[in-house]
Every structure is written in C-alpha cells, then in structure tokens.
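One structure is given below, encoded as structure tokens.
The values are calculated or read from the model by the stated rules, or taken from the named source; none is laboratory data. Everything numeric here is computed off the predicted structure, so don't read it as measured data. Here the Cβ positions follow ideal geometry from the backbone for every residue, glycine too, while neighbour counts run over all protein chains shown.
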Amino acid sequence: MSIGHLFVELVLMPLVAFVVGLFMVLMMRKIGARIQRRVGPPLLQPLYDIVKLYGKRTQVSHGLIHDIGIVMAVGGYVAAETLLPVPGMNGIAEKGGLIVLTYMLMIPSLGLALGVGQCANPNGSIGIARALTAMLAYDIPLVIVIFGVAYHFGTTNLVDIVSIQQQGGVGAWGAAEMPLLAIAGLFALHASLGKQPFEIYVAPAEIATGPMVEMSGKFLGGLFVMQCFQLYTAGALYATMFLGGGENWLSFLVKIFAVVAIPMSIAYVFPRYKTEDLIAMVWKWPVLIGLAGLVLVMY
Amino acid sequence: MTGFDQLLAVSAVTFILMLASGGWRLSGWIAAALYGVQLGLLVGLAGVGVEPATLQFSVLGHGLSWKFDSLSWFFAVITVGAAFLAALYAAGEWSEAYRKQGGSLRQLHAALAFNVWSMLVLLSSGDLLSLFIGWELVSWASYWLMTLSGGLAARAALRYITYAMGGAMALLAGIVLVHSAVGSLEFAAVVSAVPGMGNGLLWALVLLFGAGFGVKMGLLPFHLWQAAAYAETPGPGAAFLGAISSRMGLYGIAVVLVQLLGLARGLELDLVPGYVSATDLLAWVAALTIILPTYTALRQNDARMLLAWHGIGQGGYMLLGLVVGDALGSAGGLLHVFNYATNQAVLFMAVFAVIHRTGTSDLNKLGGLVVRMPLSFVAMLVGIIGLAGLPPMNGFVSKWLVYRSLMIEEMPLLFLATIIGTLGTILSVYKLIHNTFLGQLRLEHEHVAEAPWSMTIPMLVLCVVIFVTGTVPGLVLEWVAQAQAAMGLPVIDYTPGGVASDSGGLDMIWVVGVLFAGFGVGALLFYSGGRTRRVHQLDNYAGGHFLTADTRYHYSDNFYAGLMRRIGPWYRYSFRWLEEALVSVVETLAMGMHGLYRQRQPALALLGLAFFTIGWAVWS
C-alpha cells in the first residue's frame, strides 16, 4: 500500500468515526425520548450542540493542564480509531492489535483525568476517582473476553480476526462460537459507556456532574466529541470481535448501531448503582459468565 | 588488564575517593563524573561476549572467578546509569539542604559508590562461591545506604538485614547442597550435573535459592521489609535503590534457577502431578507479588511509600516474564528491568524534588503544585504513564511483551492477574499525581519555586530515555536479545518499533506517531474554538458558597472511597497475618533444632556437629 493511500485512510477513519458517532448520540437521545414518550431532538442536533459549545463566549480555563487534558481526550480517540479496521480500510490496525487498542483507549481517560484534576473542584476529583474505580470493575470482565477472543482466533491482529469470521460466514462469528463471552462482553461494554445503571461518575444529583463540573464551552464540546468517538469505538470493537466486522459499510453500520442500541435501551429504564454495588455487580456476573465462556473456548 | 578490570577498578576508586573526601562541596560532581567514566567503559564493553576478570584465586581448592557477559552488562548498565543520575541529582542544591539537615554527604556518596561496586562484583560472578560473596557485599552495602537517615530508617534497615541474613542462610544451604551433590561450584559443572539430580534435591534447591533471592526481590511472602526501607533512604539513595537494588535478586534467579537449573527441568518438578510444576509455582508467586503489593500501594498516603510498594509489585512482572520463558516473555521480563528502573528513578526524583521544596511527601498535605513546579510535574507525568504501562512510554512495551507471551502460552489466569495489577497501578499513580500536582494549591505553597536545575536535569534526561525507548524499543531490545542469548533462552525477533509476528505484532513507531498526530488534531480542534479566560482556582463551583484561601477544597483523603468500601475488608489482617505466619514457621523450626541439640541429645548433637564440620573441612 502506498504512503499516500495510507495517509488518506488515517485521515478518513477518525472522520468517519466522528460522523457515525454523532448519529449514535442522536440515536441515544431518540431512544431516551421514546422511552419517556417525548419526540426527541432533530437530525442535526448533536452537530448544532458541538458548534454552539465551541462558539460560546464564556470559556473558563483553570490552566494549561485543563486545556491539554481536553486535547488528549479528543486526540487519543482520534489516534485509536486508526487501529480499528472498518470495511475497506485497515489503517495501522496490523501494527497494533487488540491489546494496544485496549490500552490506547485509556489515553483519553487519562487526559480527561488530568484536566479535571487541574480544575481543583472536589466534585470533579470524586467523579474521576469513581470513573477509575468503574474502569477497574469493567476491565476485568473485558480482558477475560479479550483473552478468549485472542485465544479462539489465535491472533491479536484485528484484521485477521475480521477476515477469519468473514470467511466462515455467520457460523464462524465470535458471537456464534463464543456466546457466553459475547454476553460478558456486552455487559462490560455497557459498563464502559458509563450509562445507567453504571452512571456512577456523572451522578448529577450527587456530585454535580462529576468530571464535567468545571467544563464550559469548548471544554464541554471536547467531551461531547469524545462521547461520539466512545460510542462508535464501543460498537465497532464489539462488532469486530463478535459480529464478523463489516463485509460492507451497510452491514457494518447496522451492526454497530444495533450493538450500541442495546445498552442505550437498558440505560433509560434504570436508576444508578452505588460505586461499591457496581463493583460487586460487575465482578460477579460478567466475570463469572466470562470465565465460563473462557473455559468453553479453551477446553 | 581487561576492560572489565578497568571498570571494577574505576568503581573501586570512586568508592575510596568518596570515603576519603565525600563531604567536600564538589565531590558530588566528581562522583557523577566517575560514574560517567564507568558508563563510558561499559559502552566500550557492549557486545563483547564474555570478558573474564584478571583476578582469580582459589580458597580450599575452590576456584573463585569473575567474568562479564551480556546478562551482566545489561544489569550493570542500568546500575551505573542509575548511580550516575542519582549522583548528579545529589550534587547541587540538594546536597546543601541535606548537609543543613545534619546528613553526612561523605557517608551518602561512599555508600552509593560501595553499592555500585558490590553490584558490579555480584553481576560478574563466575561461580556459586563468588556469587555468594557478591550477594553478601550487596546486602551489607544496601544496609549501609538504608541506615543513613537514622531513626525510622535504621529500624527499617534492621528489618531488612534480618530478612537478608535469613535469605543468605537459605542461599548458603543451597550452595552446600549443590556442592555435596556435584562436588564443584563451577557453573559448567552444575549445568552438566542437573539432568542427573533427583527430584527431591531439585525441589530443595528451587525452594532454597528461590527464597534466598526472593528476599532481595521482595517476592511474596518476603516482601514486608522493602517499602519502608527504600522510602526512608535519602533522596538520591532511594532513587538508586528503588531503581535497581531489588533487581539483584532477579539476576540471582536468572543465573541460578533459569540458567543453571533450567526452566525445562522446573516444568518436570510436579507439585500436583500433571498440573502444577515448580515453574508454575514461581509464576504464581510472581503474580501474587504483582497484585498484593500494588493494592497495598493504592492505600498509602505517603508518596515515597506508595512508590516503594509499587517497586515490589513491578518486580512480579519481571519474574513472571522470565519464568514463562519463551522469547517474548523473557524479553518482556528483562526489558521491564530497564524500563521500570527509569520510571521508578524519575518518580522518586520528582517526589524528592517536591519534598525539597515543600518539606513533605504526605499526599494529604500537597496539591496544585503544577503551577509552581511544571518541570517536576512533567517528570512525574512521564514516570506514571511509564509505571502504569500505557503508551507511548517504555513501560507499555515490556508489559505488552509479558501479556502477549501469556496469551501465546495460554495462561488466562496469569494474564488476568497482570492486568489486575496494571489497573491497580493506574488508580494508584493517578492518586499520586492528583494529590501532589493537581487540584488546589495550598496557601503555604503559594511561593514555592521549581526544583533547581541540578535536580530537574536528571529527571528530564530520564523522561527523554523513557519516551525514546518507548517509541523505539528496538534500542533496548538489542541488549535484551544479547542477554537472552547469554542465558541460553530463546531470543526475541525484534524490530526497531517492537516485535514482528504473524499472530499480532507491535510497531510502536507507528502507534506513537499516530497518537501524536491525534493529539495534533485534538489541539487544532481545541484552539480553533472560542477564546478561553484563565480564572483563579477559587473561582470555582461550590454549590453557592464563596471560596476563600483558607478553605480546603482539595479531595485527597480516602481517594477511592467507593472501591475501599468494597475491597477494604480484604486488606484487614492479611499482611500482618502473613508475616506472623512466616515468623512462627521459622521460630518453630528453630525451637525444634534448639530442643534437639540442647535438651534432648546434647552430647549426640555436639558430636554430630563436630563430625560434620570436620568431615566437610577434610572432604573439601
């Protein structure tokens, strides 16, 4: 592949991820609205929101680290998207793989954590402490799932994982071969999105929206962009591991929207857990299901 | 005189010079220069294969010899590099402050130089007897450095030397066993005799040597001495000890258990036939060494203690990689020695820079220092990203190698254990940087200045090393591959950016390049938005209240409250219980022996002892 071609891919992959992510945010709001018997926002509302936030006159900064935190939060996701293969584009997926991607996805969280820390607001710091605790909770079932997937396909190379599933047809999909791991993975994915009942670190009624408490204007806009990427990444990673990736863009989009719709539909009918209950919950069910799935895969 | 002789000689000269005139104002710079010379000599020795020392002699028919191979070189370069930067850190303003507090610079410099020299002696041992001599030298050298501060430090050091003597006894017993079975203490003779050894004897050797070296490494359950002993050592000493001292235990395990006894033989030793072998046992000890100390670190409220506990935990990754034993795993374990040393050194230096300026490392009495000490903040940030093992720093690469080898070797639970350790590290180091540098700047720290250049330059040098070896890990993997070859392990197939593999490789050059391109896009997006207005830290949301300078508005204590409500009870008693159990086992054994030779059979025991002593002397 020529350098020029690769460069185009590296530019296109995050861009596509962002646009798809915008529509996922729209979908999330529509699902919430329908469950609450409202109409929901119009098609371009997420885009309007971002433009509005970036253009606000009041942009309160608590210092350079506050700014850099937002840059890292968005930039980390922009970089991570190039490691996630999509139909027709592999980017640098073959130079990283499943483990690198998992750890790259921690960079935006680290950036956000640094930025919030600089704000010197205890609500924000408590929010980050809870977010990191949640990460410790859901990453344990997630790595069990990742190990099982890597073991089953015999590789951590995402491009190969996709091509193995596509050659074997639907019967060779991760979800068909490893149903228990697929369930545990969906569980962990839901927790990783931080939506109810796992919404411990935003908790508006308790810690004043946690990490977002001192975020105004384009700082909040940056977090909005980050959320678009986060939803897209969760859906695409799950589709890559369990649903055969994308044969073409149509099937790929159907899959990733379906994956993200599941936790969203659950989220809007649940209240929030306490932090310690979240840990107990996530360490019990998805871990048990995941371990059982791992045993099935390995023996 | 071989190149290795010159190295040892310069190292000894450094020690003598520091002993004679270490208290002189310029001696810190002289020490740094001499370590620089040693580093230069080491560079000259790179890749020469085996370099024997001229000095060899024999005692009671045993030849004592020293030689320098690629494995020794790898550890030596980290040792001397750490000493060089520690001496540089200590040379300028820090030494004035240390002298004013009543510390003896002569003792500090001499102890540091003696540590380096004794480690070089240990790293170049050519047979089991010289290994033991080197081991004892290193133990007492560390003890010297640890006691310098007196008070709490002396107590911690006493605890260390008690553990170390116990470990040395175990080693001595192992060496005697080897001698009685093989009749020689030469490495080559031992290697050729191992296939003929019985399982019982081998088990005894694995346990004795494992425990002996494990004490120094802080392997579970011998880890309880380490955190306090390292944390209480004066700044540069703590950075040096934290970076490399415990790794001498890993070197011992690499030489005796991996190189001499062999991993393949360890796999045949069954604890539970067919399921758990001696190698598995070591791997699980390593995994527990990762998890328990890391989560102990999470609960520390003193920055130095937090780092020291992490030092114990990170040792587990190295041992785990080494005993997994395939090309990727052992490369990951060895690479982590280097990577961890750079991370830990820079973190200790940053913490001691904060202590130098504010006088405390209590994580509940700091905060907001990033605006006053930005360079120290950068140093700590680079250090924590490396220690937590996230890209783009070097700690990620070595941990990635360990993860990958555990995947390839199909060890899901050990893999999970390493990830649990990494997650705990991320939580803990965020607390460290948040409580020290982020959040509210306290009133009393309003006029704190950045650390002096003599302290920031070593930190920034380490930051560059951490970043460059994270982006181009091939630089260090070259040394690691040579060390693997010297140990007789499978050699890693490395590229400049990492590892090439059909089943999922790693190319950090691309990953880091794309990451920074991503940051560029993020910055473009951010700075194209509206103009920001910088506000004072007290211009902050407080639920309608007005904040004043005397309001404590920094969340630091009980940082992971929700997590601790869940896992807090698991901590209770577990560590106390562990040490008490260890002590009572030793006590029971001692009482048994005591009873045997004092009360029951005084004459017989005395006769037996005399017989064995004379017999051993005559026979050897």
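Here are the numbers for the structure shown:
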| read-out | value |
| --- | --- |
| Residue A:203, sole failed condition from (1) modelled with pLDDT under 85; (2) within 13 Å of chain B (Cβ to nearest Cβ); (3) crowded, with 24+ Cβ neighbours inside 10 Å | (3) |
| Pick from segment A:288-299, criterion surrounded by fewer than 22 Cβ atoms within 10 Å (Cβ to Cβ) and within 11 Å of chain B (Cβ to nearest Cβ), ranking: modelled with the highest pLDDT | A:291 |
| Those residues of segment A:101-127 which are over 19 Å from residue B:384 (Cα atoms) and either surrounded by 23 or more Cβ atoms within 10 Å (Cβ to Cβ) or at the interface with another protein chain (Cβ under 7 Å from one of its Cβ atoms) (or both), in sequence order | A:119, A:120, A:121, A:122, A:123, A:124, A:126, A:127 |
| Out of B:64, B:39, B:71, sole residue that is of a type in the set (A, V, I, L, M) and farther than 19 Å from residue B:128 by Cα | B:39 |
| Qualifying residue in segment B:422-437 (condition: closer than 19 Å to residue B:331 by Cβ, modelled with pLDDT of 90 or more and facing chain A (nearest Cβ under 10 Å)) | yes |
| Residue A:128, sole failed condition from (1) assigned to a loop (DSSP other than H, G, I, E, B); (2) at pLDDT 90 or above | (1) |
| Filter result for the condition that a residue is farther than 28 Å from residue B:148 by Cβ, among the β-branched types (Val, Ile, Thr) and surrounded by fewer than 17 Cβ atoms within 10 Å (Cβ to Cβ), over B:190, B:182, B:176 | B:176 |
| Lone qualifier among B:41, B:19 - being under 25 Å from residue B:110 (Cα atoms), without any contact (Cβ under 8 Å) to a residue 40 or more places away in the chain and not small (Gly, Ala, Ser) | B:41 |
| Residue within segment B:527-541 that is assigned to a helix (DSSP H, G or I), closer than 25 Å to residue A:229 by Cβ and either touching a Pro at 6+ places or on another chain (Cβ under 9 Å) or within 11 Å of chain A (Cβ to nearest Cβ) (or both) present | yes |
| Cross-chain or 6+ apart pairs with Cβ under 8 Å, segment A:199-226 first and at positive phi and part of a helix (DSSP H, G or I), then among the aromatic types (Phe, Trp, Tyr) and modelled with pLDDT of 85 or more | A:217/A:54 |
| Qualifying residue in segment A:81-94 (condition: crowded, with 24+ Cβ neighbours inside 10 Å and over 21 Å from the mean Cα position of the chain (by Cα)) | no |
| Filter result (closer than 18 Å to residue A:226 by Cβ and touching a residue at least 24 places away in the same chain (Cβ under 8 Å)) within segment A:24-51 | A:24, A:25, A:27, A:28, A:46, A:47, A:49, A:50 |
| Qualifying residue in segment B:310-330 (condition: touching an Asp or Glu at 6+ places or on another chain (Cβ under 9 Å), polar (S, T, N, Q) and over 18 Å from residue A:136 (Cα atoms)) | no |
| Those residues of segment B:363-419 which are in contact with a His (Cβ under 6 Å, 6 or more places away or on another chain) and at negative phi, in sequence order | B:398 |
| Filtered residue count, segment B:544-562, keeping only those that are facing chain A (nearest Cβ under 7 Å) and not in a helix (DSSP H, G or I) | 5 |
| Residue check for residue B:165: modelled with pLDDT of 85 or more and surrounded by fewer than 18 Cβ atoms within 10 Å (Cβ to Cβ) | yes |
| Residue satisfying condition, being without any contact (Cβ under 8 Å) to a residue 40 or more places away in the chain and either surrounded by fewer than 24 Cβ atoms within 10 Å (Cβ to Cβ) or among the hydroxyl-bearing types (Ser, Thr, Tyr) (or both), within set B:460, B:416 | B:416 |
| Pick from segment B:368-403, criterion assigned to a loop (DSSP other than H, G, I, E, B) and facing chain A (nearest Cβ under 8 Å), ranking: nearest to the chain's Cα centre (by Cα) | B:389 |
| In segment B:280-312, residue surrounded by the fewest Cβ atoms within 10 Å (Cβ to Cβ) [restricted to those that are more than 15 Å from residue B:426 (Cβ to Cβ) and of a type in the set (Val, Ile, Thr)] | B:285 |
| Test: residue B:567 is farther than 13 Å from residue A:95 by Cα, surrounded by 14 or more Cβ atoms within 10 Å (Cβ to Cβ) and more than 7 Å from chain A (Cβ to nearest Cβ) | yes |
| Residue match in segment B:445-454 (condition: of a type in the set (D, E, K, R), more than 10 Å from chain A (Cβ to nearest Cβ) and out of contact with any helix residue (DSSP H, G or I) (no Cβ under 9 Å at 6 or more places or on another chain)) | yes |
| Condition met for residue B:150 (surrounded by fewer than 16 Cβ atoms within 10 Å (Cβ to Cβ) and more than 25 Å from residue B:232 (Cβ to Cβ)) | no |
| Options B:387, B:401: the member that is of a type outside the set (Asp, Glu) and either at pLDDT below 90 or under 30 Å from residue B:276 (Cβ atoms) (or both) | B:401 |
| Any chance residue A:100 is touching a residue at least 60 places away in the same chain (Cβ under 8 Å) and of a type in the set (Val, Ile, Thr) | no |
| Among (1) among the polar types (S, T, N, Q); (2) surrounded by 24 or more Cβ atoms within 10 Å (Cβ to Cβ); (3) at pLDDT 90 or above - the single one residue B:440 does not satisfy | (3) |
| Residue match in segment A:144-154 (condition: part of a loop (DSSP other than H, G, I, E, B), surrounded by fewer than 23 Cβ atoms within 10 Å (Cβ to Cβ), over 17 Å from the mean Cα position of the chain (by Cα) and within 8 Å of another protein chain (Cβ to nearest Cβ)) | yes |
| Search result, residues across segment B:545-560 that are under 13 Å from residue A:122 (Cα atoms) and without any contact (Cβ under 8 Å) to a residue 60 or more places away in the chain | B:547, B:551, B:558 |
| Any hit, segment A:50-66, residues being more than 7 Å from chain B (Cβ to nearest Cβ), surrounded by fewer than 16 Cβ atoms within 10 Å (Cβ to Cβ) and closer than 24 Å to residue A:26 by Cα | yes |
